[in-house]
Amino acid sequence: MQEITDRLDAEIRTPPPPTFDVAATVGAGRRAVRRRRLARGSAALALALVVGGAGLAVTSRFTGTAGAAPVAVAAGVSGEGLVSSDRPTDQTPAVDDPQHEGVILVRTGWEVIARVEDPVTGLRTVGGTGPITDSTALGLRKGATTTWVVLFRFAATGDQPTSQAGGALAETAAETGDDSLAAWLDHLDMFTKAAR
């Protein structure tokens with residue numbers, strides 16, 4: 001019996017040799033934690049830069065500093081939401097921006113000389129479409145040509161504001177004989193009161 005006790009004492013007194021390096025394993029774990037924290041911090045910084053850059057790009061687009069020339073606006077006329085663009089034509093020098101609600105694209109080289117908000121809002125077109133939920137009228141000038149434009153939108157279908165249908169009507173002052181945007185709007189016969 002003494003032999004078993006001696007043998008157990010001998011084996012218990014000397015621990016088994018380690019099968020791995022504890023210090024190296026702990027060090028590797030700490031380095032992995034540092035890498036993960038650095039990766040998370042870098043991702044958060046990159047996201048902040050992207051969001052900040054997108055905000056700056058959107059803001060600068062509406063002030064005309066994102067590569068587009070600023071829209072020329074006469075004294076006393078609001079330039080809010082006007083963006084210079086080559087998309088409109090000289091026949092219709094202002095159009096609604098289909099990608100951005102509340103933004104009007106104005107043909108490069110044209111000056112906005114008059115603006116009326118909601119001149120036909122609440123009306124409908126003679127063809128029966130409507131009611132119109134938003135509208136803006138602009139008087140624009142390029143050289144000796146003055147053009148009156150009214151932009152209008154109908155209610156959106158579904159939850160997407162970009163599904164808002166609408167249109168534009170443009171006529172030159174020479175065609176209409178009207179010497180002001182207000183006079184032209186008074187003579188428009190394309191719109192009628194919305195049915196109640």
When (1) within 16 Å of M190 (Cβ to Cβ); (2) loosely packed, with under 15 Cβ neighbours inside 10 Å are applied to P70, the one that fails is (1)
Just one of (1) among the β-branched types (V, I, T); (2) open to solvent by 60 Å² or more (accessible area, probe 1.4 Å); (3) farther than 20 Å from D186 by Cβ trips up V95, so point out which.
(2)
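One line per residue, one yes/no per condition, for (1) in a loop (DSSP other than H, G, I, E, B); (2) open to solvent by 40 Å² or more (accessible area, probe 1.4 Å); (3) at pLDDT 85 or above; (4) hydrophobic (A, V, I, L, M, F, W, C):
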| site | (1), (2), (3), (4) |
| --- | --- |
| G79 | yes, no, yes, no |
| V83 | no, no, yes, yes |
| T121 | yes, yes, yes, no |
| G128 | yes, yes, no, no |
| T133 | no, yes, yes, no |
| D159 | yes, yes, no, no |
| A170 | no, no, yes, yes |
| D178 | yes, no, yes, no |
| A195 | yes, yes, no, yes |
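The values are calculated or read from the model by the stated rules, or taken from the named source; none is laboratory data. Note that the structure is a prediction, hence the values are computed from the model and not measured. Because the Cβ atoms are built from the backbone with ideal geometry, glycine has one as well, and the counts that use them run over all protein chains shown. Surface areas here come from the heavy atoms of the whole protein model, side chains and all, with no ligands, DNA or RNA. Shrake-Rupley method; radii C 1.70, N 1.55, O 1.52, S 1.80 Å.
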